[in-house]
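Structure first, commentary second.
Any read-out appearing in this document is the output of simple, stated calculations on the displayed coordinates, not a laboratory observation. It should be emphasised that the depicted structure is a prediction, and the values quoted were computed from it without experimental measurement. Note: ideal-geometry Cβ built from the backbone for every residue, glycine included; neighbour counts use all protein chains shown.
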Amino acid sequence: MSDARTRMVARAAREIAPGMVVNLGIGLPSRVVDHLPPRFPVCLHTENGLSGVGPTLPPDSADRNLIDAGGAYVSTVPGSAFFDSAVSFALVRSGRLDLTMLGAFEVSQAGDLANWIIPGRFSPGAGGGIELAQKARRVAVLTMHTDRDGTPKLVADCSMPLTARGCVSRVFTDLAVIDVTPAGFALREVAQGVTPEQVIAATAAPLAVPDGDIVVF
Amino acid sequence: MSDARTRMVARAAREIAPGMVVNLGIGLPSRVVDHLPPRFPVCLHTENGLSGVGPTLPPDSADRNLIDAGGAYVSTVPGSAFFDSAVSFALVRSGRLDLTMLGAFEVSQAGDLANWIIPGRFSPGAGGGIELAQKARRVAVLTMHTDRDGTPKLVADCSMPLTARGCVSRVFTDLAVIDVTPAGFALREVAQGVTPEQVIAATAAPLAVPDGDIVVF
Amino acid sequence: MRLPDKTTAIEEAIARIPDGATVMLGGFGVPGTPFTLIRELVRQGQKNLTVIKNDANEKGMGVDHLLASGQVARLVTTHIGLNPRAVALKNAGSLDVEFCAQGILAERVRAGGAGLKAVVADIGLDTDLARGKPRIELGGAVGVVETALRADAALLHAGRADTFGNLRYAATARNFNPLMAMAGDLVIAEAEIVLPPGGLAPEDIHTPGPFVDHVVRLAHLSEEYGVVRR
Amino acid sequence: MRLPDKTTAIEEAIARIPDGATVMLGGFGVPGTPFTLIRELVRQGQKNLTVIKNDANEKGMGVDHLLASGQVARLVTTHIGLNPRAVALKNAGSLDVEFCAQGILAERVRAGGAGLKAVVADIGLDTDLARGKPRIELGGAVGVVETALRADAALLHAGRADTFGNLRYAATARNFNPLMAMAGDLVIAEAEIVLPPGGLAPEDIHTPGPFVDHVVRLAHLSEEYGVVRR
């Protein structure tokens with residue numbers, strides 16, 4: 001992983017407060033756990049039916065019956081619990097999931113999230129993503145600031161089908177930490193070596209920049 | 001228990017076919033189990049969360065956490081399972097309960113059952129009775145043919161609030177076995193020493209009597 | 001990573017319940033009723049409560065104490081026939097009682113716990129129980145809309161817990177407890193035995209810890225928990 | 001009294017599934033998928049099936065065999081991204097795919113299993129997933145009526161069973177299995193270990209025996225059950 005990605009993931013890890021129940025999405029979000037302090041009090045949830053997700057395991061020590069929702073072989077920690085898919089989403093929909101971190105194709109300045117369909121190219125079904133986005137108490141997005149072509153992922157309005165409307169509170173990218181506020185995107189922090197101007201240039205929507213010094217992560 | 005009651009309960013026990021899942025209501029129906037042959041293959045269900053209800057226990061050997069829906073201290077058998085109230089009624093409503101035997105204030109010739117409210121005198125709530133009556137695959141009623149005043153319990157139309165409409169298939173009384181047919185009550189069997197005329201006299205609705213000999217239980 | 005410790009003093013846990021709260025109570029008869037938490041609720045004296053419980057227990061037990069102290073304005077239940085005080089208060093008009101079919105109460109609580117708005121059923125169509133409830137037509141048949149129930153607080157009794165709030169219920173003490181565990185904004189479980197994390201095997205847990213806010217260790221079991229001799 | 005013995009030969013159990021049946025399959029990815037029952041369904045060749053399963057497995061595994069043999073007309077699922085054949089068949093119009101949000105699929109199956117007509121939720125209101133579904137207003141907000149799903153047959157995989165059909169699932173192999181166990185008119189469970197009655201403790205059972213019609217003992221586990229090395 002590049003330094004920029006590592007910094008972004010490490011910064012996102014600081015979003016997790018002690019005592020939270022957290023669901024980390026597939027891909028970059030799943031790496032956030034590697035940056036938590038040892039003995040940090042947190043409960044990781046995976047929607048296929050486990051609270052207290054432990055470290056991933058290599059194939060040779062894996063349990064064939066113990067995966068996370070991304071198919072990775074994981075482990076338990078003292079106090080883990082297994083449950084069925086109905087209980088797992090009951091936990092999500094009833095407000096017991098304090099935080100989820102998800103990937104994104106697009107995030108709009110209103111906090112709309114598109115991360116499950118690319119029209120004409122990719123529509124494999126949403127899995128549990130819609131409920132995570134719609135019902136977690138707080139939704140953070142973890143994504144590169146632009147896609148491989150340099151196209152911004154933070155936009156005025158999503159062009160792709162929505163996962164959920166107005167769900168995203170905060171976006172962590174390789175360039176910045178950006179909040180979704182009632183007035184739109186607001187820059188909170190920049191990555192080391194990145195200027196607010198660079199973030200503005202890579203964002204396809206108005207971006208409020210704070211007066212004075214800005215925090216660097 | 002009088003001989004007539006014992007005969008009635010013993011006759012009702014023969015209604016249970018091998019392999020059935022059966023819920024026996026409070027009172028007389030709960031005694032049916034005492035008349036099953038040893039090692040008879042049946043699963044008794046109690047709606048407070050147990051399949052495989054075993055014999056009742058005296059207080060000294062009772063488990064304080066193990067009761068049936070009537071509050072009797074019961075036991076388990078090899079293969080019993082405990083579950084929550086939602087699963088317990090899922091079993092009832094989804095058609096996994098082959099038979100229930102219930103008490104009654106009144107049964108109508110259309111199979112309507114009234115067994116939960118006596119207006120102005122008794123309305124403690126239905127508990128699980130409505131779902132048992134409405135959703136068991138087969139509902140049999142076990143009751144004295146008349147109440148203490150001699151008033152018939154088998155009637156043309158129920159005068160008391162219904163538990164469920166058209167749910168009763170068969171009634172076992174101290175006098176007779178009576179089916180609810182599309183044409184109304186039909187006498188199937190009489191108790192030892194009881195004549196069809198006596199049954200007709202104690203029934204407040206038309207009663208079809210078969211030609212020829214009638215089975216005696 | 002480790003899982004947080006939720007063991008809490010009973011006074012502190014119950015003090016989080018305000019006047020006017022809706023409170024779910026686990027239990028079917030004696031088994032699964034959180035008698036000790038109820039006693040503390042009586043001691044603290046929160047008023048004007050709506051209680052949701054399968055039954056009203058018997059005289060001198062559980063819910064009966066809350067009724068005797070006049071803390072309950074409304075009771076959502078399935079059967080109160082074993083509690084003469086509940087029957088008398090209802091008949092006198094000083095206790096508002098809503099009856100549900102037992103399995104429908106279970107589903108309404110579970111629906112609240114599952115973040116659903118309602119379930120659609122067909123129970124009690126010929127009874128007062130379905131009167132006044134919204135109806136919809138589905139597949140050519142009538143369905144009764146049974147709205148979800150949630151509570152400000154759910155009080156549970158578990159046989160065993162760990163400090164993270166994973167719970168196991170003994171025998172038929174399970175009943176409504178796992179459903180109410182999902183449906184309370186504040187979930188307090190009293191437990192006969194409290195183990196360190198890992199003390200309960202992950203496949204053997206009836207209520208997963210994330211649903212539970214506070215675990216109260218029972219120092220001893222009062223007579224109310226014992227076998228009832230009639 | 002004793003509890004009936006439901007152990008059955010796999011050929012006999014699967015032969016009870018007719019052409020045109022709706023078949024639920026447990027499993028989320030590999031864990032909990034009844035690979036051996038699926039193989040027998042492929043061998044017997046029932047046609048025109050509607051399959052309800054969380055996902056379409058991966059190439060060469062589980063559901064993929066049913067797709068390859070052309071037995072599936074319709075698939076109700078949450079995600080098929082790991083099965084290129086499912087994606088290709090869907091894009092070619094030769095497989096009718098209905099997508100559900102994962103927790104809503106779980107609730108629809110559970111509702112069928114609980115003898116309910118529907119649940120009312122608010123998931124996917126801004127997506128295609130809720131399009132065309134009935135809506136009702138409840139408490140001033142819009143609710144989506146998610147109709148119950150039942151199946152002619154539910155095929156499950158259990159780690160342990162007893163001969164009466166009580167089941168336990170290992171780790172995350174539980175997933176949809178206990179829900180589908182309630183929702184099938186015919187419920188067939190394959191099990192790695194089959195114990196006599198009493199072999200599973202009554203408090204530790206995930207699916208109670210009354211829901212299960214047939215228990216099929218797995219003589220050995222094929223490679224499909226193993227750890228996937230990517």
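Between the Cα long axis of helix A:3-13 and the first principal axis of chain A there is an angle of about 70°, rounded to the nearest 10. Where only DSSP H runs of four or more residues are counted, chain B gives -4000 deg cm²/dmol as its mean residue ellipticity at 222 nm, each run worth -39500 (n - 2.57).
Sorting A:V168, A:V42, C:V142 from the fewest to the most surrounding beta carbons within 10 angstrom yields C:V142, A:V42, A:V168. Of the candidates D:Q102, D:Q46, D:Q71, which one comes out as most mobile in a Gaussian network treatment of chain D with C-alpha springs shorter than 10 Å? Of the options given, D:Q102 has the highest mean-square fluctuation. Computed from Cα atoms, the angle from the helix D:102-113 axis to the main principal axis of chain D rounds to 60 degrees. With the label put 7 angstrom out from Cα along the Cα-to-Cβ vector, C:K133 ends up 2.1 nm from the copy partners, going from closest to farthest.
To the nearest whole number, what is the average tally of beta carbon atoms from other chains within 10 Å of the beta carbons of peptide D:206-216?
Values: counts 7, 4, 17, 8, 12, 9, 1, 1, 0, 0, 0.
Across D:206-216, the average partner-chain Cβ count within 10 Å equals 5.
Across region B:3-216, the relative contact order, built from alpha-carbon pairs under 8 Å that are at least six residues apart, equals 18 percent.
Average partner chain C-beta neighbours within 10 Å, per residue of C:173-184?
Details: counts 9, 11, 10, 5, 2, 6, 5, 2, 1, 6, 2, 1.
The per-residue average across the peptide is 5.
For region A:158-195, the set of trypsin sites (Lys or Arg not before Pro) satisfying both a DSSP loop assignment and a count of at most 14 other C-beta atoms within 10 Å is empty.
Net charge around D:P134, counting only other residues with Cβ within less than 15 Å of its Cβ (Lys, Arg = +1; Asp, Glu = -1)? Intermediate values should be presented prior to the final figure.
Details: positive: C:K117, C:R135, D:R108, D:K117, D:R131, D:K133, D:R135; negative: C:E137, D:D122, D:E137, D:E146.
In short, +3.
Take the cross-link list C:K117/D:K117; B:K135/D:K117; A:K153/D:K59; B:K135/C:K90; A:K153/D:K133 and give me the ones stretching past 21 Å between alpha-carbons.
Working: C:K117/D:K117 14 Å; B:K135/D:K117 14 Å; A:K153/D:K59 32 Å; B:K135/C:K90 29 Å; A:K153/D:K133 31 Å.
The answer is A:K153/D:K59; B:K135/C:K90; A:K153/D:K133.
Within region C:131-175, what residues put their amide N at less than 20 Å from the label point 7 Å along the Cα-to-Cβ vector of B:L57? Zone members listed by number: C:158-160, C:168-175. For the options A:F105, A:F82, A:F172, a Gaussian network treatment of chain A with springs between C-alpha atoms closer than 10 Å singles out A:F82 as fluctuating the most.
Could you line up A:M160, A:M8, D:M180 from fewest to most neighbouring Cβ atoms inside 10 Å?
Details: A:M160 18, A:M8 27, D:M180 36.
In increasing order of surrounding Cβ atoms, one gets A:M160, A:M8, D:M180.
Counting only alpha carbon atoms, the long axis of helix D:35-44 and the longest principal axis of chain D meet at about 90°.
Taking neighbour Cβ counts within 10 Å as the exposure measure, how do B:V9, C:V97 sort from fewest upward? It would help to have the intermediate numbers written out before the result.
Values: B:V9 22, C:V97 19.
Listed from fewest to most nearby Cβ atoms, that is C:V97, B:V9.
For chain D, set up a GNM with springs between Cα atoms under 10 Å and report which of D:G124, D:G165, D:G27 has the largest fluctuation. Looking only at D:G124, D:G165, D:G27, the biggest GNM fluctuation is shown by D:G124.
The calculated FRET efficiency for the pair D:R135 and B:Q192, based on their C-beta separation and a Förster distance of 56 Å, comes to about 0.35.
Summarising the label geometry, the points placed 7 Å from Cα in the beta-carbon direction at B:T181 and B:A201 lie 2.4 nm from one another.
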